[in-house]
Amino acid sequence: MSRESDIRLGTGEAPVAPPQTPKKINWAWLGVIPFFLFAIFFLFLPSATIFIRSFEAPDGSFTFENIISLFTKADIVNAYQASLSISVITALAGAIFGFLLAYAVVLGGLPAGIRTFLTTFSGVASNFAGVPLAFAFIATMGNAGLVTRWMETVLGFDIHATGFTIYNIWGLSIVYMYFQFPLMVLIMAPALDGLRREWREACENLGGSTAHYWRYVAFPILMPTLLGTMILLFGNAFGAYATAYAFAGSFINLVTILIGAQIQGDVLFNPGLGNALALGMIVIMLISMIGYAYMQRRAARWTR
Amino acid sequence: MTTSEKRPMSRRDFLKLSMAAGFSAWLASCAPKAAETGELPVTMSMDDLVAGATKEGELTTIALPHDWANYGEIIETFKSKYNMKVNELDPNAGSADELAAIEANKESRGPQAPDVVDIGVGHTANAMTKGLLGAYKVSTWDSIEMKDPDGYWWAEYYGVLAFEVSKPAIENTPQDWEDLLKPEYKGKVAMAGAVDKSNEAVQTVMAAGLSRSGGDIEKAPEMGLQFWKEMNDAGNFIPVIADIGPISQGETPLAIQWDYLGLANRDKLAGNPEIEVVVPKTGVIAGPYAGGISAYAPHPYAARLWWEFVMSDEGQNLYLKGYAHPIRFNDMASRGVVPQEMLDRLPPAENYAKATFLTVEQLQVANKYIVENWRKVVLGEG
């Protein structure tokens with residue numbers, strides 16, 4: 001990129017300045033250019049394409065059929081329900097367990113080594129996903145998995161006789177939890193660090209109980225982080241594809257799995273419907289982001 | 001075929017994917033229609049082909065995994081025999097991806113445009129309607145037993161769906177489809193793909209149906225779904241996709257797959273676990289794959305030379321080495337050009353005598369019915 005163009009970008013349509021007082025260039029613009037380029041090419045343009053192609057029939061003509069089937073076709077409605085429930089379940093459960101774990105190591109007075117160990121583990125586990133993660137669970141908890149076999153041979157307990165299987169939405173939730181709650185730990189630990197001892201002492205000096213402290217001091221401070229992380233966990237599970245596919249093929253009917261079948265199937269092939277399904281996901285994410293922004297503003301009201 | 005993303009597909013990945021698709025579609029739509037490479041005649045002499053291909057120097061293939069029907073050796077032999085470079089695009093692409101690759105690159109004859117494709121026979125109709133294939137008849141054309149009369153596609157090899165049984169996890173080897181419903185196989189029967197994505201999995205439903213309907217092709221799709229409903233209700237069906245990972249680990253001890261893939265797995269796993277490949281007594285369905293040349297091939301001579309090689313006795317025997325049945329098998333066997341040691345490695349020939357070959361129309365009808373009703377009938381959704 002040439003110097004001139006930087007100057008133009010940096011100053012907008014600046015009038016020709018007198019030569020003695022050169023206008024100051026804000027070089028910070030240079031730093032954000034890659035981000036905006038990236039956002040345009042990989043977020044805004046694709047979203048626009050998805051929107052447009054949602055109205056495309058397999059033969060390329062214009063149609064509302066795809067959008068209508070989002071609300072009328074049973075397997076699509078089921079898929080949205082399944083995707084939403086697994087995302088909400090794992091976001092809530094991940095948030096609760098992750099928070100408790102982070103609380104235990106940060107404020108629970110455990111030896112410092114535990115914290116190092118846990119955060120290192122969380123860093124690894126929160127990035128462990130996709131085919132390797134699915135296979136790890138199959139190999140430990142599947143029908144011929146290590147744990148399953150061990151329970152059979154050592155404990156003499158055939159877990160499958162009880163009707164248990166990991167190949168359903170609960171099993172997949174457990175798999176997702178493996179990367180959900182470590183992420184919560186990673187984000188909550190620094191936030192809990194931010195709680196100063198003095199605040200608690202101040203609360204106690206004013207006669208407040210532990211309950212008062214959490215209700216009126218700690219939670220209001222943590223709430224924005226908690227909400228933000230939960231929406232992150234929700235999106236993390238909502239958009240997951242490879243893990244679910246490697247785990248149980250298209251057996252568990254998720255929106256992402258349906259999209260995969262529409263755009264790259266050997267048999268089904270209706271990219272327009274795939275785009276419409278993706279559009280539905282974008283809308284749901286938008287709604288949850290707006291909800292998040294609203295809650296966030298409420299939660300942060302006391303700071304103003 | 002499988003996808004192999006190492007991470008869950010995030011929303012952003014999705015956006016990128018659709019962006020790429022959208023962008024190439026836009027490119028394709030706004031460029032002017034170019035003349036097809038159809039100017040080459042339907043038959044050509046080997047001398048002309050070799051001369052033309054040598055000048056091009058390169059061939060672009062797609063969706064040819066090296067452990068599938070011995071494609072690794074076929075490609076290597078072709079390279080050294082004709083001194084050609086071979087540019088291999090995504091080996092794990094499915095048939096629809098292959099056709100999409102031709103369509104998206106109509107106007108840009110660079111290294112990302114495939115010259116030749118290897119697709120499920122059911123896809124040929126779609127490919128021809130869209131004008132994606134060029135016509136050519138190899139010199140061995142007359143002995144090819146399944147082909148388009150005008151030379152737009154021809155079968156190269158086939159296999160039959162077989163049970164890939166792991167020992168000793170499965171004590172009693174099942175011999176026919178109905179055996180798979182027995183309680184002893186609870187949580188053990190797996191497919192090699194997902195029904196709404198994979199042709200192989202759809203044929204698995206079809207084959208079970210053919211077994212039940214006594215060979216009646218029209219009734220088979222419905223009866224196949226009924227069979228798999230019983231399988232799922234009994235808890236015998238395990239939805240893990242049976243590729244070599246879960247098979248060797250033991251999660252999918254009873255996988256249903258093309259026989260040549262099962263036999264190749266048996267060799268590769270070399271006894272850990274021991275694999276037995278059983279062709280069922282009834283409901284034997286043949287899965288031929290069809291070869292074709294892109295109508296927009298950047299290397300039209302090399303593409304034709306490739307098929308001359310693959311469809312020659314030498315190329316066809318290489319398929320057989322990978323346990324896939326060459327489509328010219330009967331002709332070659334009658335002329336005695338199939339080496340005896342290769343014949344000895346195959347399962348008994350009578351297994352294949354009963355194989356049902358479906359026509360393109362039958363495949364299309366059956367595929368549509370099975371995919372559209374799979375969730376409703378088998379999984380009880382909707």
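Per-residue shielding of B:235-241, expressed as the average number of other chain Cβ atoms within 10 Å of the residue Cβ, stands at 6.
Only DSSP H runs of four or more residues enter the estimate; each adds -39500 (n - 2.57), and after division by the residues of chain A the mean residue ellipticity at 222 nm equals -22000 deg cm²/dmol. Compute the Cα gyration tensor for the range A:71-303, then decide on rounded, prolate or oblate, letting a ≥ b ≥ c be the square roots of its eigenvalues: rounded whenever a/c is under 1.5, prolate when a/b is larger than b/c in the other cases, and oblate in all that remain. Cα axes put the range A:71-303 in the oblate bin. Taking 0.36 nm per residue of separation and subtracting the current Cα-Cα distance, fully stretching the chain between A:Lys73 and A:Arg197 would add 39.1 nm. Sorting A:Met295, B:Met191 by the number of Cβ atoms found within 10 Å of their own Cβ, with the fewest placed first, yields A:Met295, B:Met191. Oblate is the label for the protein assembly as shown. Its Cα gyration tensor axes, ordered a ≥ b ≥ c, give a/c of at least 1.5 and b/c at or above a/b. Taken about its Cα centre, the protein assembly as shown carries a charge dipole of roughly 3460 debye when the Cβ of each Lys and Arg holds +1 and the Cβ of each Asp and Glu holds -1. A Gaussian network model of chain B, with springs between Cα atoms under 10 Å, assigns the largest mean-square fluctuation among B:Ala190, B:Ala51, B:Ala63 to B:Ala51. For the residues of B:197-205, the average number of beta carbons from a partner chain within 10 Å of their own beta carbon is 3. With the charge dipole of the protein assembly as shown set up from +1 on Lys and Arg Cβ and -1 on Asp and Glu Cβ about the Cα centre, the Cα lying farthest toward the positive end among the listed residues A:Tyr213, A:Leu232, B:Met128 is that of A:Tyr213. Under a 5 Å amide H cut-off, with hydrogens placed 1.01 Å from N, B:Tyr158 pairs with B:His325, B:Ile327 among residues at least 5 apart or on other chains. Per residue of peptide A:75-82, the mean number of Cβ atoms on other chains within 10 Å of the residue Cβ is 2. For chain B, the longest principal axis of the Cα atoms and the long axis of helix B:11-30 meet at an angle of about 40 degrees. Convex hull volume per residue, computed on the Cα atoms of the range B:323-382, equals 121 Å³. Counting Lys and Arg as +1 and Asp and Glu as -1, what is the net charge of the other residues whose Cβ lies under 11 Å from the Cβ of B:Asp142? Neighbour charge sum, excluding B:Asp142 itself: +1. Put in order of Cβ neighbour count within 10 Å, fewest first, the listed residues B:Asp331, B:Asp115, B:Asp344, B:Asp176 become B:Asp344, B:Asp176, B:Asp331, B:Asp115. This ranking places B:Val278, A:Val147 by how few other beta-carbon atoms lie within 10 Å of each, fewest first, which gives A:Val147, B:Val278. Just so you know, the Rg over Rh for chain B is 0.97, from Cα atoms, with Rh as the Kirkwood radius. The simple Förster model, with R0 at 56 Å and r as the Cβ-Cβ distance, assigns A:Gln81 and B:Ser80 a FRET efficiency of 0.50. Run the paramagnetic zone check for B:Asp233: 7 angstrom along Cα to Cβ, then residues of the range B:357-382 with backbone nitrogen under 17 Å. B:374-382, by backbone N distance to the label point.
Length available on full extension from B:Ser45 to B:Arg335: 0.36 nm per residue minus the Cα-Cα distance, which gives 102.1 nm.
Anything over 21 Å Cα to Cα? Flag those among B:Lys137/B:Lys368; B:Lys281/B:Lys368; B:Lys268/B:Lys354; B:Lys130/B:Lys368; A:Lys73/B:Lys376, in the order listed.
Details: B:Lys137/B:Lys368 30 Å; B:Lys281/B:Lys368 26 Å; B:Lys268/B:Lys354 28 Å; B:Lys130/B:Lys368 19 Å; A:Lys73/B:Lys376 11 Å.
With Cα atoms farther than 21 Å apart: B:Lys137/B:Lys368; B:Lys281/B:Lys368; B:Lys268/B:Lys354.
The modelled label-to-label distance between A:Thr120 and B:Asp216, using points 7 Å beyond Cα along the C-beta direction, is 6.7 nm. Less than 5 angstrom separates the built amide H of B:Leu133 from those of B:Ala295, all sequence-distant by 5 or more or on a different chain.
What the phi angles of the range B:360-372 give under the Karplus curve with 6.51, -1.76 and 1.60, with θ = phi - 60°, is a coupling list of 4, 5, 4, 4, 4, 4, 5, 4, 4, 4, 5, 5, 6 Hz, glycine and proline written as x. The HN-Hα couplings worked out from phi for the range A:201-208 by the Karplus form 6.51 cos²θ - 1.76 cosθ + 1.60 (θ = phi - 60°) are 4, 4, 4, 5, 4, 8, x, x Hz, whole numbers, x standing for Gly and Pro. For the range A:45-56, 3J(HN,Hα) computed residue by residue from phi via the Karplus equation (6.51, -1.76, 1.60; θ = phi - 60°) reads 4, x, 4, 5, 4, 4, 4, 5, 6, 5, 9, 10 Hz, glycine and proline entered as x.
Here, each number is a calculation from the coordinates, and none is a lab measurement. Remember, it's a predicted structure, so these values are computed and weren't measured experimentally. Backbone-built Cβ (ideal geometry, glycine too); neighbour counts: all protein chains shown.
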